[in-house]
Amino acid sequence: MVFWEGYVSDEVMGTFAPIVVYWLYAGMFQLLPPLDNYRLHTRKEEDVKNAVPLRSVVKGVLVQQLVQAVVAHVLFLVTSETGTVGTETQPSILIQIVQVIIAMFVMDTWQYFVHRYMHINKFLYRHIHSQHHRLVVPYAIGALYNHPLEGLLLDTVGGAISFLISGMTARTAVIFFCFATVKTVDDHCGLWLPGNLFHMFFQNNTAYHDVHHQLHGLKYNFSQPFFPIWDKLLGTYMPRHPTLKWAQRADVLFITIDLPDAKDVKLKLEPEGKFYFSATAGADNVPYELDIDLHDKVDVNESKSSVGSRNIFYLIKKEESKWWSRLLKQEGKTPVFVKVDWDKWVDEDEQDEKAAADMDFGDMDFSNLNMGGGEGFDAEVLQTKYLVIPRKDCAIDIYRFESKC
Ligand SMILES: [Zn+2]
Ligand SMILES: [Zn+2]
């Protein structure tokens, strides 16, 4: 028994309910206040990076939904006439759950390979899929902002295949398509709100798909809309940035990147304050990176690093000895992956009380360090310097950046 029984057929609901649900859920996000503290990107970034106005996005979504509605309706009519689906009796809840899970896997599989191919094939990317990537900072209403052909191929055909293979009824399909729609909208909402169930239960979520919309993430995180399985299996999995913790003294920054068993750790530090970190970790060498602009200039020659088993630690010398009001150059909300290192934090007026000897270096494993900056040196980054890593038996004077061996 469903609320639309007796009013509209399951086939009509399966066609139109996802569209209504899309605008209700995305509209809700659109009506929310700015919520600057929960955004993955600042509003300024949204204005600057997105190459298309809201009006065109709404138009684009409506065109795609029109195509989607026509195709879905024809499909429902054809399949229900042949009697393969749309039968009146609903299977048990358990069977329906199994069918929905199968449909999720089928949809994920279809979308992964078609989506990835659209990035590999330059023609398809340039003329079709790049439309979706005009939104570098995604927002809910833009979730289905696609070229109509992409909408047809990825979403509509993907939906049809999932429906047919899973063997679900048109009634179950109404629920499944609405769920997939809400999930897709949520993945593009650009907000990391506490208590969001999708964020708790799905690893493939707003933050995950956001990586794919960034320039550095274009070759990763193709999986959509439910699970990151294909990305993990085929080496295109890029989790969000590792967590960076920071604290400061007048002349130095302490930056700790939490990344257990990191390999190929590289840091490109530039005098202007560019901080580009990359590494791989885990059994499947998952790539991680951070690309940030520090608040002010730094002294690359006087900065050091150490790679530990649980994290990577950087001592970065400020060019000018003064307290920074924040870590990053950009104003507004600090990104979710940047955190204050309360263990090392002191306020400006307390600095003298906290001597260098008191510094807690945690479980930093100095025995794993290499000397010099030769390893991993890349000719392309001649302009920058890899940080010198001190030896195990060297004590570091963090205030003078001298090694005493
Ligand atoms: Zn893409
Ligand atoms: Zn997207």
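Taken together, the values in this text are just the output of simple stated rules run on the coordinates, not laboratory data. All values derive from a computational prediction rather than experimental measurement. Heads up, the Cβs are rebuilt from the backbone with ideal geometry, glycines too, and the neighbour counts pull from every protein chain shown.
Loop-only GluC sites (Glu not before Pro) in the range 80-184, please: DSSP not H, G, I, E or B, and at most 13 other Cβ atoms within 10 Å. Mind dumping the intermediate values first?
Numbers: sites: E81, E88, E150; in loops: E88.
Qualifying residues, ordered by number: E88.
What are the ³J(HN,Hα) values, in whole Hz, obtained from phi via the Karplus relation 6.51 cos²θ - 1.76 cosθ + 1.60 with θ = phi - 60°, for each residue of the range 309-321 in sequence order, with x given for Gly and Pro?
6, 10, 7, 10, 10, 10, 9, 10, 8, 6, 5, 10, 7
Report, by chain and number, residues whose modeled amide H sits under 5 Å from the one on V252, excluding near sequence neighbours (fewer than 5 apart, same chain).
K318
List, in order, the whole-Hz ³J(HN,Hα) value for each residue of the range 102-115 obtained from phi through the Karplus relation with A = 6.51, B = -1.76, C = 1.60 and θ = phi - 60°; use x for Gly and Pro.
Those phi angles translate into 4, 4, 4, 5, 5, 5, 4, 5, 4, 5, 4, 6, 5, 4 Hz.
Treat each spin label as a single point 7 Å out from the Cα along the C-beta direction, and report the F113 to E320 distance in nm.
5.8
Once amide H atoms are built 1.01 Å from N in the peptide plane, which residues 5 or more positions from V340, or in another chain, come under 5 Å H to H?
HN-HN under 5 Å from V340: W246.
So what's the gap between the Cα centers of the range 23-37 and the range 222-258, to the nearest angstrom?
26
Students often check this: by mean Cβ neighbours within 10 Å, which of 54-63, 119-128 ranks highest, and how do the rest follow?
The peptides rank, most packed first, as 54-63, 119-128.
Give me M1, M168 sorted ascending by neighbouring Cβ count inside 10 Å, so fewest comes first. Provide the component values of the computation, followed by the final result.
Numbers: M1 5, M168 24.
In increasing order of surrounding Cβ atoms, one gets M1, M168.
Can you list the chymotrypsin sites (Phe, Trp or Tyr not before Pro) in the range 193-254 that are in a DSSP coil and have 16 or fewer other beta carbons within 10 angstrom? Mind dumping the intermediate values first?
Numbers: sites: F198, F201, F202, Y208, Y220, F222, F226, W230, Y237, W246, F254; in loops: F202, Y220, F222, F226, Y237.
Those that pass, being in a loop and sparsely packed, number zero.
Using θ = phi - 60° and the Karplus form 6.51 cos²θ - 1.76 cosθ + 1.60, what ³J(HN,Hα) does each residue of the range 257-271 get, whole Hz, x for Gly and Pro?
Result, rounded to whole Hz: 10, 7, 7, x, 6, 6, 10, 6, 6, 10, 10, 10, 10, 10, x.
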